[in-house]
Each structure stands twice: as structure tokens, then as C-alpha cells.
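The values are calculated or read from the model by the stated rules, or taken from the named source; none is laboratory data. All figures in this text were calculated on a predicted structure; none of them were measured in a lab. Note that we place each Cβ from the backbone using ideal geometry, even for glycine, and neighbour counts take in every protein chain shown. Accessible surface is based on the protein model in full, side chains and every heavy atom, while ligands, DNA and RNA are left aside. Shrake-Rupley method; radii C 1.70, N 1.55, O 1.52, S 1.80 Å.
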Amino acid sequence: MSVETQKETLGFQTEVKQLLHLMIHSLYSNKEIFLRELISNASDAVDKLRFEALSKPDLLEGGAELKIRVSFDKDAKTVTLEDNGIGMSREDVITHLGTIAKSGTADFMKNLSGDQKKDSHLIGQFGVGFYSAFIVADKVDVFSRRAGSPASEGVHWSSKGEGEFEVATTDKAERGTRIVLHLKAAEDEFADGWRLRNIIKKYSDHIALPIELPKEVAAVEGEEKPAVEWETVNRASALWTRPRTEVKDEEYQEFYKHIAHDFENPLSWSHNKVEGKLEYSSLLYLPARAPFDLYQREAPKGLKLYVQRVFVMDQAESFLPLYLRFIKGVVDSNDLSLNVSREILQKDPIIDSMKSALTKRVLDMLEKLAKNEPEQYKGFWKNFGQVMKEGPAEDFANKEKIAGLLRFASTSGDEGEQIVGLAEYLARAKEGQDKIYYLTGETYAQVKNSPHLEVFRKKGIEVLLLTDRIDEWLMSYLSDFDGKNFVDVARGDLDLGNLDSEEDKKAAQEVAKSKEGLVERLKTALGESVAEVRVSHRLTDSPAILAIGEQDLGLQMRQILEASGQKVPDSKPIFEFNPAHPLIEKLDNEQSDERFGDLSHILFDQAALAAGDSLKDPAAYVRRLNKLLVELSV
Ligand code: ADP
């Protein structure tokens with residue numbers, strides 16, 4: 001045992017403590033994944049070494065074959081993993097094995113419910129990595145030395161997985177990391193060659209470097225124990241270089257878990273090899289669930305980049321647009337240089353053409369999923385729909401394709417679930433309908449009952465109901481789909497085109513003419529509050545509504561801009577009234593100008609309320625209404 005110096009005891013970051021606690025109590029049904037997680041880390045460490053050694057060959061320290069070794073000791077109840085990868089310095093160990101670097105971790109931890117089943121899913125999404133060692137071990141020793149540092153700068157980290165860990169400086173001859181798991185009494189089944197071999201085959205076969213186990217050599221009685229022989233138990237070739245037909249679904253799935261640090265299988269994947277002017281392979285995955293940090297600015301995004309099989313960088317974001325940031329995978333290029341940097345990637349024209357090809361692959365994969373597995377696509381949309389809605393603004397070239405992938409709630413009774421695609425909407429459109437109608441608003445309950453829908457209900461025309469915060473913004477980037485224009489039913493002078501018969505139109509004109517006097521009187525009464533007053537053809541039950549001017553900002557956009565502290569141009573609504581409504585008839589017959597004024601303001605305010613807007617002067621509304629109520633009761 002070498003001498004240990006500078007020994008100190010440090011506490012885990014709070015989030016680590018929480019994670020450890022939850023993991024130990026939630027992941028008991030799938031304990032064996034600890035090995036996959038540790039092998040995944042070891043493989044990453046070797047990838048990093050290989051890359052750094054391109055510019056600093058000395059790091060290879062004589063150049064033994066890069067590999068991972070897993071061994072065990074039945075009597076001591078230990079399992080040991082050793083890699084000759086990049087290794088860690090003392091500072092590395094303290095930060096990497098004492099804290100969690102992901103942004104938003106503390107918020108994430110607050111979401112955990114204490115319900116172990118639910119939480120195990122969440123933890124899966126979060127990714128447990130190194131700390132999963134404590135699922136099976138009650139003590140873990142890590143010995144590591146950073147490649148290139150002298151043997152005297154090894155580090156020993158040790159912890160029981162409770163509140164704290166110890167670090168000390170020690171000698172370590174070989175570069176890399178050795179992890180010794182002291183198994184819990186009930187978990188000693190893992191100190192077994194057959195068991196370990198099976199777990200490695202099951203989860204880590206795709207790891208591109210050899211994973212070795214000691215060969216079982218039968219002891220001969222009376223003879224000395226022979227030296228350990230090692231044998232490789234995994235396939236040890238980069239999965240994406242193999243022909244598609246030879247890779248099993250399970251292998252694709254396990255590879256995904258390795259690169260994405262996800263616990264669940266992916267929904268779908270697309271594996272391609274491109275030859276010709278550009279040469280590269282790509283393997284793109286669609287996760288089943290949104291990661292907890294999908295909306296964090298610093299959250300990891302992008303693909304793992306390899307150049308001629310050598311790992312070059314994680315999270316290479318230049319290969320996919322931002323709205324596809326949830327896609328995981330690898331791209332392995334033959335054209336890029338091994339010393340490519342993020343800055344170069346941003347400027348390289350090769351990357352642009354790869355980006356558009358990869359984007360198309362993802363959109364194709366989504367189209368296929370939507371067509372062949374509609375139930376799974378629903379799940380996809382629940383998780384990633386909001387992000388997909390960023391697409392039309394970001395990716396003009398693929399606007400139509402993205403629009404085809406969007407899903408909305410609609411008046412065709414789906415209780416607010418976003419499941420209606422535009423193609424489906426058009427397929428069941430009314431005869432003569434050449435528009436796609438939609439209404440935006442705050443909540444489904446509010447838009448569902450909006451007076452703007454009355455005429456559509458009467459005529460049996462479907463209207464898409466858009467209640468996500470970004471919907472109005474999204475619609476400002478979509479003008480048409482499949483040659484049909486989008487129409488916001490709360491905006492402008494609603495023209496139902498061919499859906500109104502000639503008689504309807506004529507009748508409407510006549511009514512409008514007969515109400516010209518009322519229109520003028522209302523204009524005077526409402527004054528500055530309105531841009532215009534007109535007779536409505538879209539109401540059956542409500543007395544009045546407020547329509548938004550064709551060019552004006554809608555309520556949602558106005559609220560977003562206001563919330564972000566921007567000045568919003570003042571726009572006035574158009575007051576439309578329903579000539580057939582008894583209240584309007586009453587108004588028309590009102591002799592007193594004062595009462596006419598009160599009643600028209602009340603109608604105006606009510607229309608604002610029905611649209612989900614707030615009143616400019618709520619006290620005045622209450623005062624007017626109460627005045628009327630008092631008059632009523634005498
Ligand atoms: P993640 O792998 O998701 O980053 P982990 O908790 O598994 O999280 O590991 C934290 C960090 O510790 C890794 O990012 C890596 O920097 C370091 N690490 C873990 N295992 C090894 C290893 N075998 N060799 C070198 N570094 C390692």
C-alpha cells in the first residue's frame with residue numbers, strides 16, 4: 001500500500017446527497033445498470049485520451065492498448081473496473097465526484113415527489129452516472145491519475161455514499177482510473193464472472209474498445225494459481241460503422257443509452273452512411289422523453305462528433321438546428337480534420353450541407369413515426385411539441401415539412417389534446433373550405449367557449465385551438481399549408497368565402513345597412529376605446545365581441561412583449577355586435593343617451609373579458625353594472 005498524503009474529508013454538494021439517497025431507494029429493481037454507467041464513463045475517458053493524444057502523443061505513455069478491465073473478488077466481495085483513459089487529477093475528482101455540474105439540477109430535485117416509482121423515471125431522465133455505483137456498493141474507492149501527470153500525483157477518493165467523501169494524494173503507476181466497489185452484503189452476486197459477463201454483453205457490447213474479464217481457469221489442486229489471463233467479452237467495434245442489417249434493435253437501444261445517458265429506450269432512430277462528395281455516417285436518435293433541462297439555455301445539445309472513428313467533441317451543435325436540440329446521436333466524418341474546433345465548425349461550408357442533410361433525416365424520421373406509429377408520435381408531441389414549434393421561425397427551408405408535423409387541439413372534441421395535424425384537418429374540411437381556421441388564447445377552457453367560434457359551430461367548421469404561449473408567434477411565421485391560408489378567426493373582418501351562401505351574404509348586407517344608425521351611435525358612445533364598430537356575422541349567442549385589427553398584435557404576443565419589458569404599440573379593437581341579440585335590440589331602442597352609453601360600455605367590457613383580456617377600468621365596469629342592477633330592481 002502506497003503512502004497517502006494530504007488526506008481530507010469533504011462533504012457532497014446537497015444535490016449529490018439527494019441524488020444518492022433517491023437512487024439507492026428508487027433504482028433497486030434495475031441494479032445491474034451500475035456496470036453500464038461505469039463502463040460508459042470509462043469509455044468516454046478513453047475517447048478523451050485518444051483525442052488529446054492527437055496533439056500530445058506523450059499522453060499515451062508508451063502506448064499500451066486502450067481498454068477497460070472488469071475483475072472481481074468473491075471473498076472480498078468486490079468488483080473492480082479499470083480503464084487506461086484520461087484519468088482525473090485531485091481537483092477533477094473533487095469536482096466531478098462531489099458535485100453535479102448540470103445546470104438546473106437544484107430545480108430538478110425539487111420536482112421529485114417521494115413516490116419511488118415516479119421518481120425512478122425522473123432520475124432515469126436525469127442520468128445517474130458514477131453515483132450509480134452506490135446502488136450495489138456500500139463503499140467505493142476510486143484511484144485515478146491524469147494522463148501526463150507523474151505517478152506521484154495519483155488520487156484516492158473514497159466514500160460510503162452518505163454525506164461525505166475522502167480524498168488523498170497517492171502513487172499510481174498506471175494512467176487512468178480504477179474503481180473498486182465494496183458490494184453490499186445482499187449484492188455479492190455481482191462478484192461473479194458469469195454474471196458480469198452477461199451484464200456486459202447485455203448493456204455494453206457496443207462499446208468500441210475491448211472490455212476484458214479474467215478468463216475462468218480451473219484451479220488445479222496442489223498447484224500454484226496461474227497468472228490471470230484476460231479475454232475480451234464485447235464486440236468492441238464502433239456500432240455506427242457496421243451495416244444496418246447487422247445491428248440488432250437491442251444494440252441500437254443500448255448504444256443510445258450510452259451516448260444519451262438515458263435510462264429509457266429511444267422512440268426511433270435513423271442510421272445512415274453517406275458516400276460521394278461528402279463521406280460520413282450518422283446515427284440519430286429520437287428520445288422517448290424530454291430531458292429535465294430541455295429549456296435551459298446551457299443544457300447539452302447536439303451530436304457527438306467523430307472524425308474517422310476518433311472522438312472529437314461532445315455536443316457539436318452545428319450539425320442540427322436548435323429546434324431539433326433534443327436529438328441525440330453521433331456523426332462520424334471522413335472529410336473534417338482531426339483538429340477541428342467549434343469555431344471552425346461554425347464556418348465550414350461542409351457543415352452546412354451536412355446540417356441540412358441531417359435535419360432532413362430527422363424530419364423524415366418524424367414523418368415516418370407520425371405515419372406508422374401515431375400513438376408513439378402523440379407521446380413525442382407531448383414531450384417535444386413546444387420545441388418543434390420553434391421550427392418554422394428558425395428553419396425557413398423546411399417550413400412546410402415542419403408544419404406537417406405540428407399537432408393542435410381543435411373544436412372537433414379532443415378535450416384540449418394536441419393531436420390534430422394540418423393534413424388531417426384539411427382532409428375533413430367542409431366542401432368549399434379553402435382556409436385553415438384557428439383561434440389563439442390563454443387556456444383551452446377559454447378558447448373553447450369563445451364567442452368567436454359561434455358561427456363555426458353553427459356551420460360545423462373545425463377550428464384549431466391554440467393555447468401554448470408561443471402559438472401566436474408561431475402563426476406569424478406560417479401563412480399557408482398545402483396551398484391553404486391560415487385565418488385567425490378573432491382577427492379582421494371574417495370572410496367565410498365559399499362557406500357563406502349568396503343568400504347569406506345578401507341578407508347580411510341588408511342587416512348591416514339597417515343598423516347603420518346604431519353603428520354611428522355606438523361609435524360616439526365608445527369613442528376612443530374602439531378602432532371601429534360594425535355589425536357581426538359570426539355571432540349566434542353572444543351580444544358582442546372584440547376583433548383584432550388585421551395588422552395588430554394579438555393578446556398573447558402583447559402579453560409576452562409586456563412581460564419582457566418591451567413597449568407595446570397601443571392598438572384598439574374592433575367592436576362587433578350581434579344584431580339579432582335581445583340586448584342589442586334593447587340598446588337600439590334606448591332613448592336615454594346616458595343609459596345607452598352605460599350599456600354599450602358594459603357590452604364592450606364583457607367582450608374583452610370573454611376574450612381573456614383584462615379591463616382597463618374594472619371599477620367603472622362594476623359601477624355601471626351596479627347602476628343598471630339597481631334600476632332593474634326598482
Ligand atoms: P456524467 O458522466 O454524466 O458527466 P458522472 O457522474 O458519471 O456524470 O461523472 C462525472 C464526471 O466524472 C465525468 O463527466 C468525468 O469527467 C468524470 N469521470 C467519471 N468516471 C471517469 C473515468 N473512469 N475516468 C475519467 N473521468 C471520469
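Numbers at a glance
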read-out: Test: residue in region 316-336 that is over 23 Å from residue 254 (Cβ atoms), crowded, with 18+ Cβ neighbours inside 10 Å and β-branched (Val, Ile, Thr); value: no
read-out: Single residue of 176, 163 found to be among the small types (Gly, Ala, Ser), under 24 Å from residue 78 (Cα atoms), surrounded by fewer than 18 Cβ atoms within 10 Å (Cβ to Cβ) and in contact with a strand residue (DSSP E or B) (Cβ under 8 Å, 6 or more places away or on another chain); value: 163
read-out: Residue 108 being surrounded by 18 or more Cβ atoms within 10 Å (Cβ to Cβ), in contact (Cβ under 8 Å) with a residue 40 or more places away in the chain and more than 14 Å from the ligand (Cβ to nearest atom); value: no
read-out: Qualifying residues in region 238-283 (those that are under 22 Å from residue 370 (Cα atoms) and in contact with a Ser or Thr (Cβ under 9 Å, 6 or more places away or on another chain)) - the one surrounded by the most Cβ atoms within 10 Å (Cβ to Cβ); value: 283
read-out: Number of positions in region 302-323 that are among the polar types (S, T, N, Q) and over 16 Å from residue 273 (Cα atoms); value: 2
read-out: Any hit, region 128-141, residues being modelled with pLDDT under 90 and open to solvent by less than 50 Å² (accessible area, probe 1.4 Å); value: yes
read-out: Residue 73 being more than 14 Å from the ligand (Cβ to nearest atom), acidic (Asp, Glu) and modelled with pLDDT of 95 or more; value: yes
read-out: Positions within region 543-555 being open to solvent by less than 20 Å² (accessible area, probe 1.4 Å) and more than 17 Å from residue 571 (Cα to Cα), in sequence order; value: 544
read-out: Residue ranges of helices (runs of 4 or more DSSP H) in region 111-223 with at least 3 members over 34 Å from the mean Cα position of the chain (by Cα); value: 193-204
read-out: Candidates 87, 98, 63 - the one that is more than 13 Å from the ligand (Cβ to nearest atom) and assigned to a loop (DSSP other than H, G, I, E, B); value: 63
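Matching residues to (1) in contact with a Gly (Cβ under 6 Å, 6 or more places away or on another chain); (2) under 26 Å from residue 468 (Cα atoms); (3) of a type in the set (Val, Ile, Thr):
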| residue | (1), (2), (3) |
| --- | --- |
| 507 | no, no, no |
| 511 | no, no, yes |
| 525 | yes, no, no |
| 533 | no, no, yes |
| 537 | no, no, no |
| 544 | no, yes, no |
| 547 | no, yes, no |
| 557 | no, yes, no |
| 569 | no, yes, no |
